[in-house]
Amino acid sequence: MTRPLTAAQRRLIEAADPETGRLKGTEAQLTALVKRGLAFRHPRPPHDHFLTPAGHRVREARSEPPENEPQAPASAGGVFTARVGGEPAPPTEGPSRTREVRSAWQGMLELRRMTNPDASTDRPCAWERTHLVQAAALALEAAGHRPAGAADGDDGYQVRETPQPDAVAVYAPDAVTLRGCAETLEGAGWQAGEYTEPRTRRRYVLASPRRV
């Protein structure tokens, strides 16, 4: 199991800049947060440290008042995991999940701003290009699209890997929903087009992160 955060680590996260997520602390403290996936070191001088989407989620969870509703389970390491659709044990839906998704998306936009060379937030960053399925799923879930609820379900979107190293496939139960998913991904900085599988004749969206 992942060890809980120390009191000092929680204080560091809570003291992060509310707008940028910039952290202040000793090199050892900041390195420990990086190892836990809660912070990242900016590649350009002065190499400041900033909260990752997971770090933003931890901070927001600390600032929320306690509620009686059950909390959505976190993934391994306590890092937020977007719904790709068809999970055998999906997280609990409700206000708590909505807050987690919103926080993760805001953290992703901040990560784009801090790591894209031109500080652009309108196209995916390097992290998203190496986590294509999760990145596309986060954009869809944050926009309010409903993920499929079962492994073979057809009641929502499903994001899947493809043989292409820089693209994902998105499936949806009907043409309108599929087009909506494509429009959401385009608005989130992806290139998206609709295609038909030759053998099954099933329509899908092929999406890849836009580079310019």
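The values are calculated or read from the model by the stated rules, or taken from the named source; none is laboratory data. All of these numbers come straight from a predicted model, not from anything done at the bench. Note: ideal-geometry Cβ built from the backbone for every residue, glycine included; neighbour counts use all protein chains shown. Heavy atoms of the whole protein, side chains included, go into the accessibility calculation; ligands, DNA and RNA do not. Shrake-Rupley method; radii C 1.70, N 1.55, O 1.52, S 1.80 Å.
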Query raised in the report: For the range 98-165, what size does the Cα cloud have along each of its three principal axes, sorted from largest down, in whole Å?
Result: 41, 33, 14
**Report entry** Length added when fully stretched, Ala175-Thr26, from 0.36 nm per residue minus Cα-Cα
**Finding:** 48.4 nm
Query raised in the report: Does the range 2-43 classify as rounded, prolate or oblate by the C-alpha gyration tensor (a ≥ b ≥ c root eigenvalues; a/c under 1.5 gives rounded; else a/b over b/c gives prolate, otherwise oblate)?
Result: oblate
**Report entry** DSSP-loop GluC sites (Glu not before Pro) across the range 17-60, with at most 13 other Cβ within 10 angstrom
**Finding:** Glu19
Query raised in the report: Say R0 is 30 Å: what FRET efficiency, to the nearest 0.05, do Arg210 and Arg102 get from their beta-carbon distance?
Result: 0.85
Report task. Could I get the Rg over Rh figure for the range 157-212? Both from C-alpha atoms, Rh via Kirkwood, rounded to two places. Result -> 0.95
Query raised in the report: Two-decimal Rg/Rh of the range 94-212 from alpha-carbon positions, Kirkwood Rh?
Result: 0.97
Query - Chain lengthening between Arg201 and Arg44 when straightened (0.36 nm per residue, less Cα-Cα) - result: 51.8 nm
Query raised in the report: Taking a probe of 1.4 Å, how large is the accessible area per residue of the chain, in Å²?
Result: 55 Å²
Query raised in the report: Using a simple spin-label model with points 7 Å from Cα along the Cα→Cβ vector, what separation in nm is obtained for Ser120 and Ala8?
Result: 4.1 nm
Query raised in the report: Thinking of the chain as a set of Cα atoms, what percent of all their pairs are more than 33 Å apart?
Result: 18 percent
Requested in this report: Counting helices only, and only those DSSP H runs with n ≥ 4, report the 222 nm mean residue ellipticity of the chain as the sum of -39,500 (n - 2.57) divided by its residues, in deg cm²/dmol to the nearest 500.
Outcome: -11000 deg cm²/dmol
